[in-house]
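Student: Quick one: the structure is below, and I'll ask about it shortly.
The values are calculated or read from the model by the stated rules, or taken from the named source; none is laboratory data. Note that the structure is predicted; figures quoted are calculated from it, not measured. All Cβ positions, even for glycine, are placed from backbone atoms using ideal geometry, and neighbour counts span all protein chains on display. Heads up: the accessible areas ignore ligands, DNA and RNA and are worked out on the full protein's heavy atoms, side chains in. Shrake-Rupley method; radii C 1.70, N 1.55, O 1.52, S 1.80 Å.
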Amino acid sequence: MACMDDVPLCILQCIMMFLLPDVGDVVRASAVSRRLREAWMGMEAYELDASTIPDHHLLDLDSTFAAIVDRVVFNHSGPGIKSMSLAHTRYDTDGDRRVTAWLDRLASREHHRLERLDVNIGAALHTPASLFRCETLVELRLVVHAAARGLRLDVDGAVHLPQLRRLCLEHAGFRSSTQFQNLIDGCPLLELLHLRFTAVARREDTVGIEIRSPSVRRVVLEGCGGYGMVPFEVSAPNVEELVLSGRNMVAVEKGGVRRLSARKVSLLMDDKLWWYNVFAPFHHFMAFLNVGTNMSRIMAGFHGVLELAISGWCIEYLSKIVDSMNLPDWGIEVLRVEGMWPNQGQAGVVLHFLRSSPCLRNLFITNELEHPREISIDENREQYPATPEFLFDAVPGRLTHLRRFFMFNFSGNRNEISIIKFVLGSSSISINPDQFGVTDYLGNDWSSTQLILASL
């Protein structure tokens with residue numbers, strides 16, 4: 001009869017990985033069998049998640065988790081760890097020293113095999129220099145939940161990550177824009193850059209930031225700050241998508257986004273789009289105006305953009321300058337308006353976009369149902385400039401390439417109807433289900449109703 005010693009280690013490691021996914025199960029199994037313990041300590045991939053540790057360890061969860069990670073990282077018996085995932089969102093015991101030591105060991109030249117590192121942990125920590133010189137690393141994700149300090153990236157020396165393709169940072173902070181530039185420039189094969197709640201520059205910075213590598217395909221800046229303080233450019237020639245979302249800071253007097261080169265751009269910022277020089281409610285109106293002006297400047301700096309997605313809040317900022325917007329013709333083929341408010345200012349901004357998009361082929365507008373009524377209705381917008389009347393006049397032939405137009409959450413508002421009228425009068429699109437559709441929030445089709453047909 002075969003015993004455990006006769007089973008190859010690789011088979012035991014597969015069993016432990018797929019049949020014993022919880023850390024607690026693996027630890028218990030390895031404790032009762034020397035052969036399983038050997039298999040556990042020689043694996044190439046680990047997913048160590050504190051949430052899977054048995055309940056009876058809850059009182060000393062931090063020390064239990066730390067002991068398990070210590071054992072794997074410092075006593076590993078195999079040729080090296082290729083993939084490591086560490087997850088403990090409430091960990092805060094010796095976070096600075098211990099987690100930093102784990103990262104240093106995993107990225108050290110002694111291992112020289114690490115390809116994927118995913119750290120989702122609740123400890124303020126410093127990143128060791130070895131992490132930014134790991135020549136085998138392909139994917140790096142660092143998420144820190146510590147509210148006090150978060151992740152401070154110590155990128156003072158040369159960065160050499162020749163194989164890194166995916167970089168995701170959350171709650172990280174750079175001491176200067178130069179550090180951030182060093183990191184990006186040290187990743188020649190980087191394809192995805194995803195920053196969430198990350199400060200990439202400081203107020204005193206004067207050096208600009210440029211993402212220029214030809215390998216970059218996707219850039220996501222979600223709820224980030226700092227790049228509004230210095231000139232920020234995305235000039236990489238092969239970017240498929242650039243996303244600015246959440247509570248972003250994108251514009252100040254001497255800084256801000258100067259150039260965006262991407263095939264698809266998503267401007268999905270919300271109501272916490274900050275203007276850095278605003279410190280009192282008295283300046284709120286001017287802040288709104290300044291952000292709108294700078295966003296208009298950003299759009300004028302679009303290069304090669306074929307698809308644009310924009311949120312209702314972004315359009316709201318632009319509605320402060322609806323009477324003075326001057327957009328050049330661009331080559332956008334797809335326009336997605338996500339969450340338009342039913343007021344004349346936002347309708348005017350959308351019409352500016354349409355007038356500047358002679359190559360437009362697909363148009364999708366989703367109206368916002370839960371807009372702030374105190375500033376979203378025409379009667380409550382005395383401080384806003386009047387929308388020029390000429391914007392609502394159709395321009396026959398301007399949208400000759402338009403093939404599809406769909407509006408969702410239609411409410412029958414006159415400004416919604418004005419946009420529909422402009423589209424039908426400026427294009428040769430016909431009212432059939434494949435090309436044209438207007439539906440309310442219940443899914444009812446209004447496309448062939450008298451309210452819409454009267455626009456023809």
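Student: Distance in nm between label sites at ASP60 and ASP329, each 7 Å beyond Cα in the beta-carbon direction?
Tutor: With each label point 7 Å from Cα toward Cβ, the separation is 7.5 nm.
Student: If you put +1 on each Lys and Arg Cβ and -1 on each Asp and Glu Cβ, how big is the dipole of the range 365-420 around its Cα centre, in Debye rounded to 20? Let's see the in-between values first.
Tutor: Details: 6 positive and 9 negative charges, 91 e Å.
Result for the range 365-420 is approximately 440 debye, rounded to the nearest 20.
Student: Continuing with this model, one more query. How big is the range 162-220 by the Kirkwood estimate over distinct Cα pairs, in Å? All intermediate terms of the calculation are to be shown ahead of the outcome.
Tutor: Working: mean 1/r = 0.0848 Å⁻¹.
Computed over the range 162-220, the radius equals 11.8 Å.
Student: Computed over the Cα atoms of the range 397-456, what is the convex hull's projected area averaged over all directions, in nm²? Please list the in-between numbers first.
Tutor: On the way: hull surface 14.6 nm².
Averaging across all directions leaves 3.7 nm² for the Cα convex hull.
Student: Which order do TRP330, TRP102 take when ranked by solvent-accessible area (1.4 Å probe, heavy atoms of all protein chains), largest first? Present the calculation step by step, with values, prior to reporting the outcome.
Tutor: Numbers: TRP330 30, TRP102 0 Å².
So the residues, ranked largest to smallest area, are TRP330, TRP102.
Student: May I ask you to derive the FRET efficiency for ARG414 and GLU135 from their Cβ-Cβ distance with R0 = 45 Å, giving the value to the nearest 0.05? Working shown, then result.
Tutor: Details: r = 62 Å, r/R0 = 1.38.
Given R0 = 45 Å and the Cβ-Cβ separation, E is 0.15.
Student: How do 209-220, 70-81 rank on mean C-beta neighbours within 10 Å, highest first? It would help to have the intermediate numbers written out before the result.
Tutor: On the way: 209-220: 18.2, 70-81: 15.3.
Output ranking for 209-220, 70-81: 209-220, 70-81.
Student: Round to a whole number: what % of the accessible area of the range 306-455 belongs to carbon and sulfur, probe 1.4 Å? Write down the numbers at each step before the final one.
Tutor: On the way: 3190 of 6530 Å².
Solvent-exposed carbon and sulfur of the range 306-455 make up 49 percent of the total.
Student: Continuing with this model, one more query. Could you check how many percent of all C-alpha pairs in the range 306-455 are farther apart than 24 Å?
Tutor: Percentage above 24 Å: 25.
Student: At 0.36 nm per residue, minus the direct Cα-Cα distance, what do ASP118 and THR400 gain on full extension? Give it in nm, one decimal, please.
Tutor: On the way: separation 282, 0.36 × 282 = 101.52 nm, distance 4.86 nm.
Result for the pair: 96.7 nm of gain on full extension.
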